[in-house]
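**Q** What follows is a structure written as structure tokens; I'll ask about it next.
Just so it is clear, none of the values below were taken in a lab; they were calculated from the coordinates. Small disclaimer: the values here were computed from a predicted structure and weren't measured. Backbone-built Cβ (ideal geometry, glycine too); neighbour counts: all protein chains shown.
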Amino acid sequence: MHWLTSLLILLPCCYALPQRNHSPKYVRRAFTKFHIVPDVIPSFNPVATLDVIFKDQSTGKHVHVAPGKNLTVKQTETIPQFLLKTENTSLFDGPFVIALVDPDAPKPQDPKNSPFRHMLGGDFRVKQDDGKLVNGSVALTEFAPPSPPDGSDPHR
Ligand SMILES: *[C@@H]1O[C@H](CO)[C@@H](O)[C@H](O)[C@H]1NC(C)=O
Ligand SMILES: *[C@@H]1O[C@H](CO)[C@@H](O)[C@H](O)[C@H]1NC(C)=O
Ligand SMILES: *[C@@H]1O[C@H](CO)[C@@H](O)[C@H](O)[C@H]1NC(C)=O
């Protein structure tokens, strides 16, 4: 079973997005291409990119989220790490809100529960040189892993 999660960081007035080695411009185009804009958010103007790293529970390997990349249920079982990728250190203090949303729940053929909230947490800041985002308070919605029904097409 394949699974593609949509993940976004929300700033008060602008958005940053999960991506690795891609420019904010590339990610912005991908959001339009996969209709995340306007299905989930009306517009999107990222100021930085976000590396979202899951740990595959069956192999122990790290899996980086990327637009158009398929992730399995096993790969998305536990809360990922979030790394802010930017040269602009004035963004480090945030604070950021992280929202993980599924625009195709329970399945793309019939997205009646969309958008489904998989996580909503605030108070994230970059605390270390590696760009890792660390939260200072509990999430509003704790991470809930994807659990698509059998026969579901890949989700965005
Ligand atoms: C993801 O899975 C879908 C359906 O199995 C397939 O059509 C698509 O090509 C896959 N994407 C990648 C990047 O492998
Ligand atoms: C860095 O981020 C700050 C805060 O968002 C912004 O005001 C500033 O314009 C940015 N600097 C550059 C060079 O993008
Ligand atoms: C940060 O978020 C995680 C996941 O929601 C939570 O388990 C943890 O307690 C939070 N950290 C703090 C300091 O509240």
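**Q** How many angstrom lie between the C-alpha centres of the stretch 82-156 and the stretch 49-76?
**A** Between the Cα centres of the stretch 82-156 and the stretch 49-76 lies a distance of 13 Å.
**Q** For the chain, what is the mean residue ellipticity at 222 nm derived from helices alone (per DSSP H run of n ≥ 4: -39500 (n - 2.57); sum divided by total residues; nearest 500 deg cm²/dmol)?
**A** -2000 deg cm²/dmol
**Q** Then there is this: Pop out the ³J(HN,Hα) list for the stretch 102-113 in order, Karplus 6.51 cos²θ - 1.76 cosθ + 1.60 with θ = phi - 60°, rounded to Hz; leave Gly and Pro as x.
**A** Couplings: 10, x, 10, 8, x, 8, x, 5, 8, x, 5, 9 Hz.
**Q** Hey, if you drop one equal point scatterer on each alpha-carbon of the stretch 2-135 and run the Debye formula without solvent, what base-10 log of I(q)/I(0) do you get at q = 0.09, 0.14, 0.17, 0.19 Å⁻¹?
**A** The Debye formula, applied to the Cα set alone, gives -0.24, -0.60, -0.91, -1.15.
**Q** Under a crude label model (7 Å from the Cα following the beta-carbon direction), how far is residue 128 from residue 59 in nanometres?
**A** 2.3 nm
**Q** I've got another one for you. Give the angle, between 0 and 90 degrees and rounded to the nearest 10, that separates the Cα long axis of helix 24-33 from the longest principal axis of the Cα atoms of the chain.
**A** Around 20 degrees separate the two axes.
**Q** Ok, one more. Taking the chain as a Gaussian network, where each spring joins two C-alpha atoms under 10 Å apart, which residue of 51, 39, 102 fluctuates the most?
**A** In the Gaussian network model the winner is 39.
**Q** Please get the size of the charge dipole for the stretch 2-135, origin at its Cα centre, with Cβ charges of +1 on Lys and Arg and -1 on Asp and Glu, quoted in debye to the nearest 20.
**A** Details: 16 positive and 12 negative charges, 56 e Å.
In total the dipole reaches around 280 debye.
**Q** Right, here's the next one. With θ taken as phi - 60° and the coefficients 6.51, -1.76 and 1.60, list the Karplus ³J(HN,Hα) couplings across the stretch 45-60 in order, rounded to whole Hz; mark glycine and proline as x.
**A** My calculation for the stretch 45-60 gives 9, x, 9, 7, 10, 10, 9, 10, 10, 8, 10, 5, 6, 8, 10, x Hz in order.
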